[in-house]
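What follows is one structure encoded as structure tokens, with my remarks underneath.
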Amino acid sequence: MHRVTRPVVYFLLSIILFCSPDLAFSQVRPNLGNSTRLMNSALAEMEKGNFEKANSYFRQIIENGLAIPPEMPYFFAETLFELGQYDNSAAFLNKYLEINGFRGDNYEKAKNLEAVLQSHLAAIAECRLCDRRGYRYEYCPTCHGDRQIQQTCSLCRQIGMVGCNKCMGTGIVKVRNIFNIVEYHDCDKCEGKGKVTCPKCEGTLTEKSDCRTCKGEGRLVTEELCNHQPSNNPRYFNGFEKLRNSLHP
């Protein structure tokens with residue numbers, strides 16, 4: 001299993017750049033030399049089979065807002081493929097084909113890579129052990145996959161009391177008598193205290209509700225690329241049924 005840090009920052013930046021290809025390819029022309037230098041360095045690392053290093057050079061082009069050479073998305077897609085980041089690879093490959101079409105220098109290679117990617121993307125789509133990008137799930141360390149747990153009451157925040165909604169916390173209500181004169185009385189709901197027992201936790205200070213760490217999912221996404229096989233590591237998500245059986249034999 002590969003261990004690769006999720007490329008959240010540079011992937012989002014790339015989407016911004018690619019959403020306006022004319023801007024990415026024109027407004028930063030003065031930096032084209034830097035882009036070419038970095039891409040040549042990346043290509044040299046690809047030749048050596050050092051795709052992690054190549055990845056870092058491609059990231060520098062995007063993160064520094066440099067002009068993107070027309071063929072770079074293809075080479076970046078190839079690098080990401082070799083690193084097992086198939087979803088990201090497909091995103092850059094699609095952008096390459098969108099920008100260059102059949103006129104691209106690497107069009108045939110791009111179409112071949114597109115075909116090879118299909119089986120990997122299908123495996124990700126069918127796998128229940130990872131998210132749609134292919135990153136493995138782990139059981140939530142807070143609820144351990146139970147999804148709902150006893151935790152601090154979200155309404156009273158462990159006070160046990162909340163403001164009375166009849167008197168709006170004042171303890172007093174206004175009533176007009178038959179002579180249309182306003183009279184003030186102690187609130188009968190809170191007995192003039194302005195507060196009532198929390199209706200959510202009933203004064204226990206805790207509630208059983210969706211885990212706030214995983215938002216009731218019972219699992220979190222890791223930075224590990226998934227091999228789509230069950231793991232012996234108890235940390236990794238192998239399905240809720242297996243977890244229930246292990247906790248409640």
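So, in segment 118-166, exactly how many residues are within 16 Å of Q229 (Cα to Cα) and surrounded by fewer than 15 Cβ atoms within 10 Å (Cβ to Cβ)? Of the residues in segment 118-166, 6 are within 16 Å of Q229 (Cα to Cα) and surrounded by fewer than 15 Cβ atoms within 10 Å (Cβ to Cβ). Among the residues making up segment 59-78, those that are part of a helix (DSSP H, G or I) and over 21 Å from E108 (Cβ atoms) are R59, Q60, I61, I62, E63. Counting the residues of segment 34-54 that are assigned to a helix (DSSP H, G or I) and either over 20 Å from G65 (Cβ atoms) or outside the structural domain of E82 (by TED's automatic domain parsing) (or both) gives 9. Does E183 qualify as being over 38 Å from the mean Cα position of the chain (by Cα) and farther than 30 Å from G239 by Cα? It is true that E183 is over 38 Å from the mean Cα position of the chain (by Cα) and farther than 30 Å from G239 by Cα. Only one of the numbered conditions (1) surrounded by 13 or more Cβ atoms within 10 Å (Cβ to Cβ); (2) modelled with pLDDT under 95; (3) among the basic types (K, R) is violated by K53, and that is (2).
The values are calculated or read from the model by the stated rules, or taken from the named source; none is laboratory data. These numbers were taken from a predicted model, which means no experiment stands behind them. All Cβ positions, even for glycine, are placed from backbone atoms using ideal geometry, and neighbour counts span all protein chains on display.
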